[in-house]
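*Asks:* Below you will find the structure I want to go over with you.
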Amino acid sequence: MARTVPLAAAVNDLSGFGRCSLTVALPVLSAMGIQACPLPTALLSNHTAYDSCFFQDLTASIPPYLAEWKKLGLSFDAIFTGFLGSWQQVSLVEEFVHGFRGEKTLFLADPVMGDDGELYATYDHSLCQGMARLAFQADVITPNLTEACLLAEADHNQIAAPGPDRLDRLFRLGRQLAGRGPWGVVITGIQPDSPGQIGNLVIDRRAAREELVLTPAVPRSFSGTGDVFASVLCGRLIQGWPLLAAVRSAAGFVSQALAGSARENLPALDGVAFEPYLPLLWKETFP
Ligand code: PXL
């Protein structure tokens with residue numbers, strides 16, 4: 001029987017508290033009418049930005065897990081990767097992508113590695129190198145500026161430094177990443193020159209478009225915002241939206257959820273409270 005509900009594989013960690021990774025990707029994709037199948041890369045009690053956490057790397061479980069998926073004959077409309085638990089997982093995820101990527105499969109890699117110029121606690125140089133190898137095989141990537149610099153082996157301080165040519169530098173960085181393989185590059189969380197706004201820099205080689213997409217900024221930051229953004233973007237691309245429209249939609253959703261979380265003065269580490277806004281995604285999918 002033909003499948004009417006699109007199927008996406010979500011390769012990411014399961015963090016029990018602090019909205020991020022799978023606890024964001026699964027509900028967001030479900031609300032967009034997409035069946036999301038988790039391939040958990042690590043198990044955490046809570047994400048790594050809290051003072052402490054329980055962390056279990058799930059590398060050993062991936063081969064037998066995928067052997068069963070192979071038996072089921074699965075193929076995916078999208079493969080969406082994020083946080084990896086170890087550098088050894090990189091080649092396992094590459095094998096997964098090669099084994100389960102059909103001609104029409106969208107491979108969206110969110111190269112989760114760090115933020116604000118810092119690596120996340122469980123990341124090291126070899127894992128970052130592996131993340132870059134994986135990202136350059138993807139159709140679309142969604143690094144923040146820290147991750148974009150890591151992917152390009154560029155100096156974050158130099159790229160982010162103020163100056164009249166800052167935007168040119170950022171576009172050059174985006175183009176450089178797009179030249180390495182992905183047809184779509186979205187560098188998230190760019191501070192534009194205009195105050196009160198936040199930018200996502202988009203390079204779409206397929207449509208030959210480049211743009212800094214501006215969205216009203218919320219003067220507070222919350223953990224997991226990038227994960228919400230990438231999840232909505234993934235859903236929109238599966239639904240066939242052009243990259244720029246998908247970015248506007250994802251940024252708009254994040255902006256509403258951020259505004260709500262800020263209004264209620266919620267703790268930043270617990271993640272952006274996107275749940276009350278999920279019906280918007282559902283209504284836009286099934287008007
Ligand atoms: O939101 C990125 C992310 C994903 N997964 C884990 C994290 C973080 C950021 O801190 O700790 C486990």
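The values are calculated or read from the model by the stated rules, or taken from the named source; none is laboratory data. In this text the structure is predicted, and so the values were computed from the model without any measurement. Virtual Cβ from ideal backbone geometry, glycine too; neighbours counted across all protein chains shown. The protein model used for the area step is the full one, side chains on, heavy atoms only, and it has no ligands, DNA or RNA in it. Shrake-Rupley method; radii C 1.70, N 1.55, O 1.52, S 1.80 Å.
*Asks:* Charges only on Cβ, +1 for Lys and Arg, -1 for Asp and Glu: so what's the dipole of region 1-110 about the Cα centre, in debye to the nearest 20?
*Replies:* It comes to approximately 340 debye.
*Asks:* Here is a further query. Calculate, for residue 116 and residue 5, the FRET efficiency according to 1/(1 + (r/R0)^6) with r their C-beta to C-beta distance and R0 25 Å; round to the nearest 0.05.
*Replies:* So, using R0 = 25 Å, E works out to roughly 0.10.
*Asks:* So if I place +1 on the C-beta of Lys and Arg and -1 on the C-beta of Asp and Glu, and nothing else carries charge, what would the dipole magnitude of region 78-193 be about its Cα centre? I want it in debye, nearest 20.
*Replies:* 360
*Asks:* Given the options 106, 130, 151, identify the residue whose Cα lies farthest towards the positive end of the charge dipole of region 85-189 (+1 on Cβ of Lys, Arg; -1 on Cβ of Asp, Glu).
*Replies:* My answer, from the dipole projection, is 106.
*Asks:* Moving to a separate point now. So the label point goes 7 Å from the Cα of residue 61 along Cα→C-beta, right? Which residues of region 90-104 then have their backbone N under 18 Å from it?
*Replies:* In region 90-104, the label zone of residue 61 (backbone N under 18 Å from the point 7 Å along Cα→Cβ) covers 90, 92-93, 96.
*Asks:* Per DSSP helix of 4 or more residues, -39500 (n - 2.57); summed, then divided by the residues of the chain. What does that give at 222 nm, rounded to the nearest 500?
*Replies:* -12000 deg cm²/dmol
*Asks:* What residue among 23, 81, 122 shows peak mean-square fluctuation when the chain is described by a Gaussian network model with Cα springs under 10 Å?
*Replies:* 122
*Asks:* Let me make sure I get this right: for region 129-188, a, b and c are the square roots of the gyration tensor eigenvalues over alpha carbons, sorted descending. Under 1.5 in a/c it's rounded, otherwise prolate if a/b > b/c, else oblate. Which is it?
*Replies:* The shape class here is prolate.
*Asks:* Okay, next question. Tell me the carbon and sulfur percent of the accessible area for the chain, rounded to whole percent, probe radius 1.4 Å.
*Replies:* 55
*Asks:* Only helices at least 24 Å long along their own axis, judged from Cα atoms, and with Kyte-Doolittle mean hydropathy of 0.5 or greater: name those in the chain from DSSP H.
*Replies:* 243-263
*Asks:* For the chain, what is the accessible area per residue in Å² when the probe is 1.4 Å?
*Replies:* 45
*Asks:* How do the peptides 6-19, 125-138, 257-270, 216-229 rank, highest first, by the average count of neighbouring beta carbon atoms within 10 Å per residue?
*Replies:* Averaged packing, sorted descending, gives the order 6-19, 216-229, 125-138, 257-270.
*Asks:* Next question, about the same structure. Would you work out the charge dipole size for the chain about its Cα centre, treating the Cβ of every Lys and Arg as +1 and the Cβ of every Asp and Glu as -1, and quote it to the nearest 20 debye?
*Replies:* I would put it at about 860 debye.
*Asks:* Let me ask something else. Farthest toward the dipole's positive end in region 49-95, which of 55, 73, 85, given Cβ charges of +1 (Lys, Arg) and -1 (Asp, Glu) about the Cα centre?
*Replies:* 73
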